[in-house]
Protein chains: 2
Amino acid sequence: MLCVHFCFIGICLVTNLSKRLVLAGDAWYGVAHGCTRKLGMKICGFLQKNNSLDEKSRMVGAFKESAKNQMCDNSERFMRAETDFSNLFARDLLPAKNGEEPTIQFLLEVVEILTNYVRKTFDRSTKVLDFHHPHQLLEGMEGFNLELSDQPESLEQILVDCRDTLKYGVRTGHPRFFNQLSSGLDIIGLAGEWLTSTANTNMFTYEIAPVFVLMEQLTLKKMREIIGWPNGDGDALFSPGGAISNMYSVMVARYKYFPEVKTKGMSAAPRLVLFTSEHSHYSIKKAGAVLGFGKENVILLKTDERGRVIPADLEAKIIDAKQKGYVPLFVNATAGTTVYGAFDPINDIADICEKYNLWLHVDGAWGGGLLMSRKHRHKLNGIERANSVTWNPHKMMGVPLQCSAILVREKGILQGCNSMCAGYLFQPDKQYDVTYDTGDKAIQCGRHVDIFKFWLMWKAKGTIGFEQHIDRCLELSEYLYNKIKNREGYEMVFEGQPQHTNVCFWYIPPSLRSMPHGDERREKLHRVAPKIKAMMMECGTTMVGYQPQGDKVNFFRMVVSNHAVTKSDIDFLINEIERLGHDL
Amino acid sequence: MLCVHFCFIGICLVTNLSKRLVLAGDAWYGVAHGCTRKLGMKICGFLQKNNSLDEKSRMVGAFKESAKNQMCDNSERFMRAETDFSNLFARDLLPAKNGEEPTIQFLLEVVEILTNYVRKTFDRSTKVLDFHHPHQLLEGMEGFNLELSDQPESLEQILVDCRDTLKYGVRTGHPRFFNQLSSGLDIIGLAGEWLTSTANTNMFTYEIAPVFVLMEQLTLKKMREIIGWPNGDGDALFSPGGAISNMYSVMVARYKYFPEVKTKGMSAAPRLVLFTSEHSHYSIKKAGAVLGFGKENVILLKTDERGRVIPADLEAKIIDAKQKGYVPLFVNATAGTTVYGAFDPINDIADICEKYNLWLHVDGAWGGGLLMSRKHRHKLNGIERANSVTWNPHKMMGVPLQCSAILVREKGILQGCNSMCAGYLFQPDKQYDVTYDTGDKAIQCGRHVDIFKFWLMWKAKGTIGFEQHIDRCLELSEYLYNKIKNREGYEMVFEGQPQHTNVCFWYIPPSLRSMPHGDERREKLHRVAPKIKAMMMECGTTMVGYQPQGDKVNFFRMVVSNHAVTKSDIDFLINEIERLGHDL
């Protein structure tokens, strides 16, 4: 409060200078520095509160002028200011007159909230979540009210809302969050998403998303090359998730064999049937329902003990369907099932598809990432024989949600299947090559930019970076498997080393260990995982998924896709299960 | 270079202090300040490059310690540091050991790029775009190469890539970008998206998105209330865009009348037909193709001169279809057509739907926002009689892409239509009320968090803020209409004041003004708008859409949804059209 300083050191020696201003509280700090970030010239202004406003503005003005003179491009380094947001409202931000300063200050304040969240996400001393029941959050927590009102709230309240939204949420990037196939918080991907939001555009035409459209095209071609299609030829799109990607595959298959359905509807086709494993993702059945096949015409295939399709069962069911007068159309092979992480034998299935002239789709939403690993990609051998592939970089490759690709071997078929040629959007008389407009290939009109974060991550990590990530996650799951396979109190759901990072197991509390196998034990065991999970969530220490499967009672499904996970986190999970489950 | 300062003023008088550190270049600035943002205590450290490292770290250490002692919560104010990113890689960021500092610095550097972009977006002296043809961008611009490689790039290159991505993109928030129904850059919405990306979660279960799930529920209820459904009852979801929302409406209608289609497929239903206007969005026809109705079973209705459905034509076509043995199922009324901005007469259509027992959907993707305006909502009179409504806040309400709602009057029908009861995701034995899990209502599995930005904007603007926005955009379009309706060189595509912000017009260059009407003039006029548009894009000064419609040759469609637009921008557009088109 007592000290008045004004220190100014700025000698413009270079032409390539950018300006840096940090406005903190009522004090100004300004730094003009070399654009190369290595020149050390700095300007520092420091003004105390008790300076008169006039003096302050004069001095600040002088600094600003000086800094301006040293500027050689029109980019500005941001200024940080102590700002009273309690009297500011959304209407004071850009495009409001004089809205620039409050806009920047507001965004920087938000960024501070976000960077603090990022820090804590990776901090094992913080909780994964601070669980509340719906009614608790709905009643309103201290200062956090979800209700919307007619009148605006101050920006101060908006910032509080941002903090509270994160506070009562779940840290999906926390090293001990194992609950979903998508986990982790990739910093480059995050930066990519921030940029994507700022660009706020739409993938439907080159006209308004030139860079993103080209990035999508190049990245999808690279993915097709990795799948193994000659020259990376074919077609593809990013879609809003694996379920929609799988739906595309069924649509395209139908269009390939029965193009008249597009115009005349399903009544123009015979009774078509689709095949997929009983362990496959429910989106195949959902696609059957949505697209008008009917879910009973999605025929489920038997799997072996480890959840892999039995090819002989596929062939038997094809023959059976044909005998009943149905027309087999489509087979889905899963590369990495949701629960067991099983890889269906693609080559064997491809042989059968070729024999009966069926469309082969590979749902690699979860397992597609293994294509990036020289060590593990053999698990998808035969994928190059598929007609279409779903591959979600937002799962095993750690890309932020959402990022799912549907890739198709035959060029032009997405366009043929989906085009409606809307004149207001896809004008043929544009000045550029309109084959770059992607909108008419999609079932969407507007389409979110999902590519940039992925492209940026690929640039930043390189192909080898993804490979290392995949290999590391699989090593960690091997570590878990080896740790518990013979440990007292654990039973594995299936024998042998898992193919993917999925490790499925029962934790048997001491009270059940000597109980004879039978219905009573089954019923009790069925309740163990939900109870442990509920306690985990109440404690907020970790999260892992559980589910029943077929005739198997509730078991834990552990997966690893987060690059922050270490062996100690795996150890922690096991200790936590035992701590919480010991007395059940 | 000559000045060594270390200034430290910190007296801890309050308990509620947060820490502020700004590390700039080789200098540290630190400010500990009151959390209330109004207490003026500050700490400033300034160290020049020529200090020895030892001395620097000692002093910095001392400062850090002191700041720590004054900290009363565990949040940290971010530090800004001059960082050499040329030797840093993605692998050096979190979760890497000591990754926190480079992570924060990298994110702050990205934020600087983004805030500069935000500033420029609102700056009329900058271009809307810097147009390049696909081949130019693909060949690689100076320092900007889209190709992906095996090896990682430095973070310095990643930052350059971020800058260049924005540089060669299109500023959809620029006050002179009028190209799409979605435009503008709302700062609160942007902050909301940044937070959403950081939270990186998924809407399918309450378990991992508790706050977002509740926000979605409350906001959708509010939207249903505004539509006018009693107590806001019903159901709804945010979907990945208006086309998918419209597709939901057709699916739900089919499920309502022919629930067996879900199981048995379209062969279980009679030949169903759908009705929509010839001016409606192509997604209705696309839904017909995708869902197995066939696009020829989507019957197009005639419109009046202003693009509104003629109800008598609907009734005639229903009767005609029934006579042919088809079963009418569904009628779409558009509230705000894409090109003309026309509002179909919902009440008249609803009467017919009631008479023939048909599902009434209102596609208010574009016009739904007018419900927020007491002045304009009468244009949607009768919407409360609809069975389902599409309403895209990402269009007229200025919410960042994507944000589209499908709202359904009958509760439970989305669940009935789409549920597959996947055990691994929707366990009935969770510890919370699982009716909050939304995933099984959707055709997606994972679903992006589209709600938060919208909820936050609503909080920040209030209902009245949206109303003001809508009213203002309509005033601006009225201004444009009045300006050009009698202006030399302009012809309106339809007579009378537009219902929405769409103003459709031909610009007639002097060379065509005296030409007699006929094929030659038509052909020449058809080429005018594309030529002007191409020149606009080359100049980068503004962007506006054009298209033909029915037998009408290419015309401009001007729309306003960006809150940054002023009358001067409208004037600019007209001047620019005349400047570029004068000599055609």
Could you grab me the full set of residues in region B:109-123 that are more than 7 Å from every other protein chain (Cβ to nearest Cβ) and without any contact (Cβ under 8 Å) to a residue 40 or more places away in the chain?
-> B:123
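Please report, ordered by residue number, the strands (runs of 3 or more DSSP E) entirely within region B:488-584 with at least 3 residues that are crowded, with 18+ Cβ neighbours inside 10 Å and on the phi < 0 side of the Ramachandran plot. Talk me through it step by step, then tell me what you get.
Numbers: elements: B:490-492, B:503-507, B:543-549, B:552-558.
Because the criterion is at least 3 residues that are crowded, with 18+ Cβ neighbours inside 10 Å and on the phi < 0 side of the Ramachandran plot, the strands (runs of 3 or more DSSP E) in region B:488-584 that meet it are B:503-507, B:543-549, B:552-558.
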Residue B:582 out of contact with any strand residue (DSSP E or B) (no Cβ under 8 Å at 6 or more places or on another chain), under 24 Å from residue B:395 (Cβ atoms) and not polar (S, T, N, Q) | no
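Just to be sure before I move on: is residue A:571 acidic (Asp, Glu), more than 29 Å from the chain's Cα centre (by Cα) and more than 14 Å from chain B (Cβ to nearest Cβ) in the structure I sent? Step through it out loud before you land on a result.
Numbers: acidic (Asp, Glu): yes; more than 29 Å from the chain's Cα centre (by Cα): no; more than 14 Å from chain B (Cβ to nearest Cβ): yes.
Considered against the rule, which asks whether it is acidic (Asp, Glu), more than 29 Å from the chain's Cα centre (by Cα) and more than 14 Å from chain B (Cβ to nearest Cβ), residue A:571 comes out as no.
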Find the residue count for region B:391-423, including only residues that are part of a loop (DSSP other than H, G, I, E, B) and more than 21 Å from residue B:262 (Cβ to Cβ).
-> 12
All but one of (1) among the basic types (Lys, Arg); (2) touching a helix residue (DSSP H, G or I) at 6+ places or on another chain (Cβ under 9 Å); (3) in contact (Cβ under 8 Å) with a residue 40 or more places away in the chain hold for residue A:221, so report the exception by its number.
-> (3)
Subset of region B:422-437 [within 19 Å of residue B:237 (Cα to Cα), out of contact with any Ser or Thr (no Cβ under 8 Å at 6 or more places or on another chain) and more than 7 Å from chain A (Cβ to nearest Cβ)] | B:434, B:435
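On the basis of being in contact with a strand residue (DSSP E or B) (Cβ under 9 Å, 6 or more places away or on another chain), buried (at least 21 other Cβ atoms within 10 Å of the Cβ), in contact (Cβ under 8 Å) with a residue 60 or more places away in the chain and away from every other protein chain (no Cβ under 14 Å), does residue A:363 make the cut?
Numbers: in contact with a strand residue (DSSP E or B) (Cβ under 9 Å, 6 or more places away or on another chain): yes; buried (at least 21 other Cβ atoms within 10 Å of the Cβ): yes; in contact (Cβ under 8 Å) with a residue 60 or more places away in the chain: yes; away from every other protein chain (no Cβ under 14 Å): no.
When the stated conditions are applied, residue A:363 does not pass them.
Residue check: is residue B:84 of a type in the set (D, E, K, R) and within 7 Å of chain A (Cβ to nearest Cβ)?
Values: of a type in the set (D, E, K, R): yes; within 7 Å of chain A (Cβ to nearest Cβ): yes.
Here the answer is yes, as residue B:84 does meet what is asked.
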Keeping to region A:428-482, report how many residues are of a type in the set (Phe, Trp, Tyr), in a helix (DSSP H, G or I) and modelled with pLDDT under 95.
-> 1
Residues that are small (Gly, Ala, Ser) and buried (at least 18 other Cβ atoms within 10 Å of the Cβ): find the helices (runs of 4 or more DSSP H) completely inside region B:214-315 holding 1 or more of those.
-> B:242-257, B:282-290
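Criterion first (of a type outside the set (Phe, Trp, Tyr), away from every other protein chain (no Cβ under 14 Å) and farther than 20 Å from residue A:206 by Cα) does residue A:399 satisfy it?
On the way: of a type outside the set (Phe, Trp, Tyr): yes; away from every other protein chain (no Cβ under 14 Å): no; farther than 20 Å from residue A:206 by Cα: yes.
No.
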Kindly provide the set of residues from region A:289-322 that are within 21 Å of residue A:350 (Cα to Cα) and either outside the structural domain of residue A:390 (by TED's automatic domain parsing) or among the small types (Gly, Ala, Ser) (or both), ordered by number.
-> A:307, A:312, A:316, A:321
Pick from region A:117-147, criterion surrounded by 19 or more Cβ atoms within 10 Å (Cβ to Cβ) and assigned to a loop (DSSP other than H, G, I, E, B), ranking: farthest from the chain's Cα centre (by Cα) = A:146
Only one of A:283, A:239, A:277 is at the interface with another protein chain (Cβ under 7 Å from one of its Cβ atoms) and of a type in the set (Ser, Thr, Tyr); which?
-> A:283
Taking the condition in contact (Cβ under 8 Å) with a residue 60 or more places away in the chain and either farther than 30 Å from residue B:90 by Cα or acidic (Asp, Glu) (or both), does residue A:354 pass?
-> no
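Residues are listed down the side, and each one gets a yes or a no for (1) under 30 Å from residue A:480 (Cβ atoms); (2) more than 20 Å from the chain's Cα centre (by Cα):
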position: A:169; (1), (2): yes, no
position: A:175; (1), (2): yes, no
position: A:179; (1), (2): yes, no
position: A:192; (1), (2): no, no
position: A:200; (1), (2): no, no
position: A:217; (1), (2): no, no
position: A:233; (1), (2): no, yes
position: A:236; (1), (2): no, no
Flagged in region B:165-191 as part of a helix (DSSP H, G or I) and facing chain A (nearest Cβ under 8 Å), in numbering order, are B:165, B:166, B:187, B:188, B:190, B:191
Provide a single number: the residues in region B:460-487 that are free of Cβ contacts under 8 Å to residues at least 40 places away in the same chain and more than 27 Å from residue B:558 (Cα to Cα).
-> 1
For region B:316-350, which residues satisfy the criterion of being β-branched (Val, Ile, Thr), in a helix (DSSP H, G or I) and touching a residue at least 24 places away in the same chain (Cβ under 8 Å)?
-> B:318, B:346, B:349
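The values are calculated or read from the model by the stated rules, or taken from the named source; none is laboratory data. Everything numeric in this text was worked out from a predicted model, so none of it was measured. Virtual Cβ from ideal backbone geometry, glycine too; neighbours counted across all protein chains shown.
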